[in-house]
Amino acid sequence: MAERSSSPEGGDEAPSLPSPLPAASSTASATPSTSSATSVSSNSAAVSSELPLPLIGSVVLVSWDDNSTHEATVVQSRERRPGQLEYYVHYLAYDRRMDEWVALSRIDLEDYKKQLEGDKPDGPKSSKRTWEPTRKVTRNMKRKTEASHMGRAGTGGSQASLDAVEREYEKNTKIKHITSVYFSKYRLSAWYLSPYPEEYGKLPHLYVCEWCFKYMAHRHALLTHTCTRRCPPGREIYRKHHISMYEIDGAQEKLYCQNLCLFAKLFLDRKTLYFDVGPFMFYVLTHVDDTGAHVVGYFSKEKESHENNNLACICTFPPYQQRGYGRFLIEFSYVLSRLEGRIGGPEKPLSDLGLIGYQSYWAWELLTALHKTDEPVTTAQLSARTGITQDDVVATLQWLDLIKYWRGHHTICYTTKQLHAATVMRKLRPPKLEVDTRCLRWCPPTAPPKEERAAGGDDA
């Protein structure tokens, strides 16, 4: 893996920094308050000195700005100012993007005291809440573990190692210090921890150039930052109206891709690609106007995928979500796969938001294909027509309740009425943006002959 890089060099022109807008977020309307929140009880602050303070690992009730309360586990504590305690909490019913630092006044200390009293020997039966974190191992975790245990017989040791990797990942990514990032004209709420260098990664706010993704610690640094770049590096392979796509080789534009990945990690939980960008191609989607090509999202994919994945990581930046860009990126990855003459799919496991996006895309493509045929069709035929892997075809048809397992085979069962009912039930809508292949200027990369690759491997 490459060493952690320094910031990229600038250019000649200094971009202006408009007044920051409210933090962009795609969470539900009932969200945790990040300012002065209403306490759970009116006398919470007054009696806080008489009540026990939460301990690390305990589960407490935290108030939100809509006066609702939610269970959360206490991950860490700090004294932000003399006499002002804050606690970093993880909400049990929500994704880690909702984790935040909360003031003591937002914690129901009365309820916490009742928990402790319930654990006393002479008290009632304990009702202490517990937290069981659940998460999946990423591809790089599996590779590291498999490499370190190559040749070990059985699965017991390997599983124990995977568990250890999970615990280590959970420990190292539990607390995010960056709460917001200034990017273009937006102030974005950071969802997850990103491994920026320590002098930047532990700041409450970060400033990022929207053109080169250079990260800075202060607003003044961004105001005085000179950057001549007005579009991503690499080659423009798609342009239709204001939509443009750039193909970037991670080995050729290492610094740009590293900074792009660090920024994207603020909004991705299980992303593990930050610095070793050489084996990947990046496809950066932009919105073009008079000032330049503004990056709205991207996806990356391995140059050589042993699992036939057509996408490794995908991210649409929060200000541009719910506009059809994520669906466009997914479709673009399948268009490239079809041009390569292969059937592929995204690297798994998918995140919660990623699964929603892919289910919507798969369902719409399969329903469209079924509407166009009047004859019985198999999952293999649907896979060949859509470029979606057969496993994803089966899983999506099960989600739509259009497939049955009968006599050892999956059988697609549907009527026109059932197709319409599935569309309504899953609230599927036509895509807001579609890839126009007539505007694509791209050819599949030609792999070197096997003899040359073998010779190259011997020389290495």
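Computed values, structure above
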| quantity | calculated |
| --- | --- |
| Test result for Pro204, in contact (Cβ under 8 Å) with a residue 40 or more places away in the chain and surrounded by fewer than 18 Cβ atoms within 10 Å (Cβ to Cβ) | no |
| Residue under evaluation Arg229, criteria (1) part of a strand (DSSP E or B); (2) more than 16 Å from Phe317 (Cβ to Cβ); (3) not hydrophobic (A, V, I, L, M, F, W, C), criterion not met | (1) |
| First in region 285-303 and closer than 17 Å to Val208 by Cα, second anywhere and among the basic types (Lys, Arg), Cβ under 9 Å, 6 or more apart | Gly292/Arg229; Gly292/Arg230; Ala293/Arg230; Val296/Arg323 |
| Scope region 233-251; condition among the acidic types (Asp, Glu) and closer than 14 Å to Leu440 by Cα; matching residues | Glu236, Glu247 |
| Pair list, Cβ < 8 Å and 6+ apart or interchain, from region 343-356 residues that are more than 16 Å from Glu302 (Cβ to Cβ) and touching a residue at least 40 places away in the same chain (Cβ under 8 Å) to residues that are part of a strand (DSSP E or B) and not aliphatic (A, V, I, L, M) | Gly354/Pro346 |
| Selection from region 354-363 of residues that are surrounded by fewer than 20 Cβ atoms within 10 Å (Cβ to Cβ) and not small (Gly, Ala, Ser) | Leu355, Ile356, Gln359 |
| Candidate set: region 284-323, residues that are part of a strand (DSSP E or B) and among the acidic types (Asp, Glu); chosen: the one farthest from Leu188 (Cα to Cα) | Glu302 |
| Matching residues, region 433-460, being in a loop (DSSP other than H, G, I, E, B), in contact with a helix residue (DSSP H, G or I) (Cβ under 9 Å, 6 or more places away or on another chain) and at pLDDT 95 or above | Leu433, Glu434, Val435, Trp442 |
| Residue in region 267-280 that is under 24 Å from Arg187 (Cα atoms) and among the small types (Gly, Ala, Ser) present | no |
| Yes/no for His225 being modelled with pLDDT of 95 or more, over 29 Å from Asn310 (Cα atoms) and touching a Gly at 6+ places or on another chain (Cβ under 9 Å) | yes |
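The values are calculated or read from the model by the stated rules, or taken from the named source; none is laboratory data. Note that the structure is predicted; figures quoted are calculated from it, not measured. When we count neighbours, we look across all protein chains shown, and the Cβ atoms used for this are built from the backbone with ideal geometry, even at glycine.
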